[in-house]
Amino acid sequence: MDGRRIDLNSADLTTLLRETALDIHKAEVLLNSRPFWDDTELRMLPGFGRKTLRELAAVARVVPPSPANLNTCTPAALQALPGVGAVLARRIVAGRPYFSLDEVSGVQGISRAVMRTLRQRAGVAEPRPAESVAPTSADADLIDLNSCDEAALCSLPRVGPALARAIMAARPFVDVEALREVKGIGPAVFPLLRARLTLRSPEADGRLDLNTCSPQALQRLRGIGPALADCVTSRRPYAHWGELLELKGIGPALLERLRSVCDLPAAWPEAVEAEFVEDETWFTEGVFEPSPFEAAPGLPQLRDPVMSLVAYEAAVGQEMRRRMPLFLSGWLVAVALITGILYLYFSGFVRIQGLLP
């Protein structure tokens, strides 16, 4: 060796076997456990004791890799971070784009330990187009992503018929950055397309109308999946933002995010033609047939010909409750008299000729 120590994150198997005292088994374990961020992680490798680490430190070192960009890195790069598995990596990718690391804490499954790891080993730097992309001339017309046909899309670099149809199926786009979510457009292809595309549709300013936009457009907003998008569109129209809080899955944080990227024009009800009636003809003072209740003086009479049915039923019920005790008391007196007469007769105190043989 010439005095320089090798980088354990970039050295291949041949270099490890030639420059270090590791055997083939330990070298393969080291390769499968990369990347490393500091020397302390080497202590957790099986078979790497104090002697092995001391010999390794003399000829090799750990050069930390550059922080992973959460807006552009692949799921495999995310899974290389401690505490991030396949499911959590997919959730992080689905929540893009992020404008700060604090927004990543809202992803389901992100714990405090994982957030500490992400703050040390990841970032949310805005991706920049590749330097090799030649800028288009000022006279060249940009293609409208939301309205161009399949032939126009196929004229773009690295876009074939299948990818063009996939782009058209994912419309409408709220911005050109949403094109990253289309399957088949990777980090190498996107800069080529972004230099040739634009949005001239009504939604080109990036703001959606919640009362008219499609479920696909809602799904491109961070935090809204297919089920929630269908729920939002099925409950339309909305008159104010507070109605969205009644939907399951929308809380104060998501509501504020929607208000920052969406519009909600006031939903006014359709005009209803009202029928106006003159005061003189509101009640017709014609000739009414005599009511059957007017012939019964014992029942409450209708003093007002426009008395409501509810008021009349209430009056009848009150009169029945007033007369019910009198009715029951009359029957009790009659039963008592008949019982007394029969008792006196059968006791011999009273004799009625011709009543009984």
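Of the residues that make up the stretch 183-196, is at least one under 20 Å from the mean Cα position of the chain (by Cα), at pLDDT below 85 and surrounded by 12 or more Cβ atoms within 10 Å (Cβ to Cβ)?
Here is the first cut: in the stretch 183-196, the residues under 20 Å from the mean Cα position of the chain (by Cα) are none.
No, the stretch 183-196 contains no residue that is under 20 Å from the mean Cα position of the chain (by Cα), at pLDDT below 85 and surrounded by 12 or more Cβ atoms within 10 Å (Cβ to Cβ).
Give the residues of the stretch 242-252 that are part of a helix (DSSP H, G or I) and within 13 Å of Leu221 (Cβ to Cβ), sorted by residue number.
Matches in the stretch 242-252: Leu244 only.
For the stretch 6-30, which positions are in contact (Cβ under 8 Å) with a residue 24 or more places away in the chain and in contact with a Gly (Cβ under 8 Å, 6 or more places away or on another chain)?
Once the filter is applied, which keeps residues that are in contact (Cβ under 8 Å) with a residue 24 or more places away in the chain and in contact with a Gly (Cβ under 8 Å, 6 or more places away or on another chain), the stretch 6-30 yields only Lys26.
Looking at the structure I just gave you, is Pro35 buried (at least 17 other Cβ atoms within 10 Å of the Cβ), within 41 Å of the chain's Cα centre (by Cα) and not assigned by TED's automatic domain parsing to the domain that holds Gly225?
Yes, satisfied.
For (1) at pLDDT 85 or above; (2) assigned to a helix (DSSP H, G or I), each residue gets a yes or a no:
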| residue | (1), (2) |
| --- | --- |
| Asn9 | no, no |
| Glu28 | yes, yes |
| Leu53 | yes, yes |
| Pro64 | no, no |
| Asn71 | yes, no |
| Leu81 | no, no |
| Val87 | yes, yes |
| Arg96 | no, no |
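With (1) more than 44 Å from the chain's Cα centre (by Cα); (2) crowded, with 16+ Cβ neighbours inside 10 Å; (3) of a type in the set (A, V, I, L, M); (4) part of a loop (DSSP other than H, G, I, E, B) as the list, and Val107 as the residue in question, which single condition is left unmet?
Answer for Val107: the failing condition is (1).
Would you confirm whether any residue within the stretch 203-225 is in a helix (DSSP H, G or I), at pLDDT 80 or above, closer than 29 Å to Cys154 by Cα and over 18 Å from the mean Cα position of the chain (by Cα)?
no
Which of the residues belonging to the stretch 42-60 are surrounded by 15 or more Cβ atoms within 10 Å (Cβ to Cβ) and either under 48 Å from the mean Cα position of the chain (by Cα) or within 20 Å of Ala80 (Cβ to Cβ) (or both)?
Leu42, Leu45, Phe48, Ala60
Among the listed residues Arg61, Arg34, Arg96, identify the single one that is under 20 Å from Gln120 (Cα atoms), among the basic types (Lys, Arg) and in contact (Cβ under 8 Å) with a residue 60 or more places away in the chain.
Arg96
If you take the residues of the stretch 64-82 that are out of contact with any helix residue (DSSP H, G or I) (no Cβ under 6 Å at 6 or more places or on another chain) and exposed (fewer than 15 other Cβ atoms within 10 Å of the Cβ), which of them is nearest to Ile6 (Cα to Cα)?
The residue in question is Pro64.
The values are calculated or read from the model by the stated rules, or taken from the named source; none is laboratory data. Computed from a prediction, not measured in an experiment: that's the story for all the values here. Quick reminder, even Gly has a Cβ in these numbers, built from the backbone with ideal geometry, and neighbours come from all protein chains shown.
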